[in-house]
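Derivation of every value follows stated rules applied to the coordinates shown; laboratory data play no part. All values derive from a computational prediction rather than experimental measurement. Glycine also receives a Cβ, built like all others from the backbone with ideal geometry; neighbour counts cover every protein chain displayed.
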Ligand code: SF4
Ligand code: SF4
Ligand code: FES
């Protein structure tokens, strides 16, 4: 029996997609308009290649600031994709939408006046009790954080664990965008980390050391020097900077 018409169409599409990628270009749609861009570019670079200039929605360009949340869909697929524009590489027939920011509400508090009780996270963000454990937040997270798990820790009142699990959160808001319970994961997680830093484990070794150094004006000369040098010299310094051997040390402290 021959292949169905649908299968043949799919095969043809795949062939033309592969040929284009091989030829070094893919077609993306920005605001619905078609652009041919080189294959292998990140979404951010593809947008710039197409002539767009970022005024906002772009910060570190390195997957750390969370400013470049993007929603996309590949033609003929039903699934919506969520990722960071500075990290995700373009695919052929990708329809792109940049999110300028996620307008999630944030509870106001004075960190000096609240205490790390078992129920404080629930009091500040009562909607976490509505979590239906669908795990959509975890699946949306470009940082591969166990987002649902840190929400579960918050419900249990385990502030320290909630803070630790959410440590790599870059506040992009993609989890909150998709949560059926309207939970503001990243705002809650930030509160957990603040409570942890202030009350639960205030002796973080690196932080205490750095604060003391600042008090002793250790970096003043260096800052003065940086203010005076050129952009090129700053870039050179950055390229040759010393990178901490154990970047997680400041999380655990001791
Ligand atoms: S998306 Fe919302 S409801 Fe679903 S697991 Fe995450 S926090 Fe819970
Ligand atoms: S936990 Fe949410 S806000 Fe934080 S990085 Fe993951 S998706 Fe973004
Ligand atoms: S620009 Fe900072 S995470 Fe993409």
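If R₀ is 25 angstrom, what is the calculated FRET efficiency for the pair residue 199 and residue 220, using the beta carbon separation as r and rounding to 0.05?
Numbers: r = 31 Å, r/R0 = 1.24.
After rounding, the FRET efficiency stands at 0.20.
From the square roots a ≥ b ≥ c of the eigenvalues of the alpha-carbon gyration tensor of the chain, which class results: rounded (a/c under 1.5), prolate (a/b over b/c), or oblate?
Oblate, since a/c reaches 1.5 and b/c is not below a/b.
Rounded if a/c is under 1.5, else prolate if a/b is larger than b/c, else oblate: which is the range 73-135, with a ≥ b ≥ c the root eigenvalues of its Cα gyration tensor? Please report the intermediate quantities before stating the final value.
On the way: a/c = 3.81, a/b = 2.37, b/c = 1.61.
Taking the square roots of the gyration eigenvalues as a ≥ b ≥ c, the range 73-135 is prolate.
How would you classify the range 105-254 from its alpha-carbon gyration tensor, with a ≥ b ≥ c the square roots of the eigenvalues: rounded for a/c under 1.5, else prolate if a/b is greater than b/c, otherwise oblate? Working shown, then result.
On the way: a/c = 2.46, a/b = 1.72, b/c = 1.42.
Prolate.
Taking the Cα-to-Cβ direction at residue 230 and at residue 208 and moving 7 Å from each Cα, how far apart do the two end points lie in nm?
4.5
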